[in-house]
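The values are calculated or read from the model by the stated rules, or taken from the named source; none is laboratory data. These figures come from a predicted structure and were not determined experimentally. Please note: Cβ atoms are built from the backbone with ideal geometry, for glycine as well, and neighbour counts cover all protein chains shown.
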């Protein structure tokens with residue numbers, strides 16, 4: 001492997017030190033000002049490379065453009081601009097403050113003592129067995145690591161550095177975009193696609209080396225409000241309407257096997273995110289997921305049917321349902337541009353990377369970008385066990401993915 005790709009580790013270690021945790025309770029955009037700290041750092045690094053770069057200071061997007069090295073304007077490789085995108089924020093699920101990464105050199109299958117009473121045991125975290133002989137970066141057991149998605153950010157920056165330092169390598173025009181707030185579902189809410197100027201893109205935001213994804217869930221949220229009638233229990237017969245009981249009844253009316261802990265692959269689910277209440281008032285919040293649009297619609301219709309039945313039973317207005325679509329399966333937008341998948345797969349095979357093509361059991365900025373008119377499948381960034389203290393990443397994976405991005409950039413439109 002070219003030694004120029006080894007710089008990805010130093011970049012990654014530098015980026016994870018910057019706290020960029022997003023906040024789902026915030027009413028601002030971006031949700032946290034501290035995300036701009038990394039954005040400004042990346043802007044300066046791009047400029048130092050001689051790359052034209054700009055930052056949307058208000059909305060926290062960083063844009064960069066690498067000029068084509070193909071002199072013939074009529075060459076078909078100059079016809080389209082390819083973008084690579086990654087998000088700068090880290091998940092609210094675990095602390096991102098004072099990240100203290102640890103390096104485990106030449107991992108040999110042992111239990112890794114992270115610190116803070118936590119251990120990475122290969123008997124429990126079997127993914128560790130894929131990395132025998134490699135160098136791993138872990139947490140210190142107190143925070144998440146931030147490989148989601150600072151590994152992707154570091155890999156894109158390493159690709160950019162390589163292309164700038166090797167002008168003899170022919171490639172068409174390349175665009176770069178770093179985004180905020182992906183972890184709370186708002187990553188591309190204010191992106192300026194006209195400014196970016198890309199025709200096709202990849203998000204570098206997947207997991208293990210080789211992941212290539214162009215299918216994701218259709219997603220919606222559901223909020224159920226229940227209005228009861230509180231009466232002293234000693235004289236409640238025929239009068240009391242217990243909102244808490246109705247909340248339990250609503251939950252019991254949903255399919256018991258269609259929950260995250262019992263589904264995999266293409267199987268969808270209802271996931272109860274929160275429940276609260278008393279006799280007078282109660283509420284439930286759900287997320288609804290399914291890859292199949294017809295089944296997705298059926299799930300939403302079932303929610304509406306249960307609401308209607310409970311209102312017939314307890315009185316109109318007792319139960320109210322608010323359904324809100326979040327994002328849709330990008331397969332519907334990628335299927336007419338499958339060369340993006342074939343070219344990425346070909347690039348992986350050229351580098352002896354085994355392609356792992358599987359549906360995303362979640363969402364991605366690429367789904368929303370695809371529905372905005374920019375077809376954007378997702379490729380690996382290398383991290384494992386995202387969003388928590390057990391997160392880790394292989395240094396060799398990050399190096400290989402940096403090389404993969406170059407391979408795609410060079411060969412995508414040949």
Next on the checklist: Tell me yes or no: at least one residue of segment 122-140 is crowded, with 16+ Cβ neighbours inside 10 Å, out of contact with any strand residue (DSSP E or B) (no Cβ under 9 Å at 6 or more places or on another chain) and either under 19 Å from residue 97 (Cβ atoms) or modelled with pLDDT under 95 (or both).
Outcome noted: no
Checklist entry - Looking at segment 257-278, is at least one residue assigned to a helix (DSSP H, G or I), over 21 Å from the mean Cα position of the chain (by Cα) and within 30 Å of residue 330 (Cα to Cα)? => result yes
Next on the checklist: Return the residues of segment 84-101 that are surrounded by 13 or more Cβ atoms within 10 Å (Cβ to Cβ) and touching a strand residue (DSSP E or B) at 6+ places or on another chain (Cβ under 8 Å); say none if nothing qualifies.
Outcome noted: 84, 85, 86, 87, 88, 89, 90, 91, 92, 95, 96, 101
Checklist entry - Based on what the data block shows, is residue 58 without any contact (Cβ under 8 Å) to a residue 24 or more places away in the chain, assigned to a loop (DSSP other than H, G, I, E, B) and more than 25 Å from residue 28 (Cα to Cα)? => result no
Next on the checklist: Among the residues of segment 71-83, are any touching a strand residue (DSSP E or B) at 6+ places or on another chain (Cβ under 9 Å) and either free of Cβ contacts under 8 Å to residues at least 12 places away in the same chain or buried (at least 20 other Cβ atoms within 10 Å of the Cβ) (or both)?
Outcome noted: yes
Checklist entry - Only one of (1) part of a strand (DSSP E or B); (2) within 13 Å of residue 176 (Cα to Cα) is not met by residue 43, so which one is it? => result (1)
Next on the checklist: Of everything in segment 259-286, what is surrounded by 15 or more Cβ atoms within 10 Å (Cβ to Cβ), over 18 Å from residue 215 (Cβ atoms) and out of contact with any helix residue (DSSP H, G or I) (no Cβ under 9 Å at 6 or more places or on another chain)? Give them in sequence order.
Outcome noted: 285
Checklist outcome for this item: A careful count of residues in segment 96-141 that are under 19 Å from residue 6 (Cβ atoms) and in a loop (DSSP other than H, G, I, E, B) gives 7
Checklist entry - Within segment 381-414, which residues are under 16 Å from residue 213 (Cβ atoms) and in a loop (DSSP other than H, G, I, E, B)? => result 381, 382, 386
Checklist entry - Name the pairs: first residue in segment 100-121 and more than 16 Å from residue 391 (Cβ to Cβ), second residue not in a strand (DSSP E or B), Cβ to Cβ under 6 Å, at least 6 apart or on different chains? => result 105/135; 109/122; 109/132; 111/121
Next on the checklist: Quick check on segment 1-15. Is at least one of its residues surrounded by 15 or more Cβ atoms within 10 Å (Cβ to Cβ) and either part of a loop (DSSP other than H, G, I, E, B) or on the phi > 0 side of the Ramachandran plot (or both)?
Outcome noted: no
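Results for (1) more than 20 Å from residue 394 (Cβ to Cβ); (2) outside any loop (DSSP other than H, G, I, E, B), shown as yes or no for each residue.
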site: 329; (1), (2): yes, no
site: 332; (1), (2): yes, yes
site: 335; (1), (2): yes, yes
site: 344; (1), (2): no, yes
site: 347; (1), (2): no, yes
site: 352; (1), (2): no, no
site: 366; (1), (2): yes, yes
site: 376; (1), (2): yes, no
site: 379; (1), (2): no, yes
Next on the checklist: Can you say whether residue 207 is buried (at least 21 other Cβ atoms within 10 Å of the Cβ) and closer than 30 Å to residue 394 by Cα, as far as the supplied structure shows?
Outcome noted: yes
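State whether one or more residues within segment 289-299 are in contact (Cβ under 8 Å) with a residue 12 or more places away in the chain, crowded, with 19+ Cβ neighbours inside 10 Å and more than 22 Å from the chain's Cα centre (by Cα).
Looking for residues that are in contact (Cβ under 8 Å) with a residue 12 or more places away in the chain, crowded, with 19+ Cβ neighbours inside 10 Å and more than 22 Å from the chain's Cα centre (by Cα), one finds at least one in segment 289-299, hence yes.
Rundown of residues vs (1) surrounded by 15 or more Cβ atoms within 10 Å (Cβ to Cβ); (2) in contact with a strand residue (DSSP E or B) (Cβ under 8 Å, 6 or more places away or on another chain); (3) in the same structural domain as residue 401 (by TED's automatic domain parsing), yes/no style:
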site: 334; (1), (2), (3): yes, no, yes
site: 338; (1), (2), (3): no, no, yes
site: 343; (1), (2), (3): yes, no, yes
site: 346; (1), (2), (3): yes, no, yes
site: 352; (1), (2), (3): no, no, yes
site: 360; (1), (2), (3): yes, yes, yes
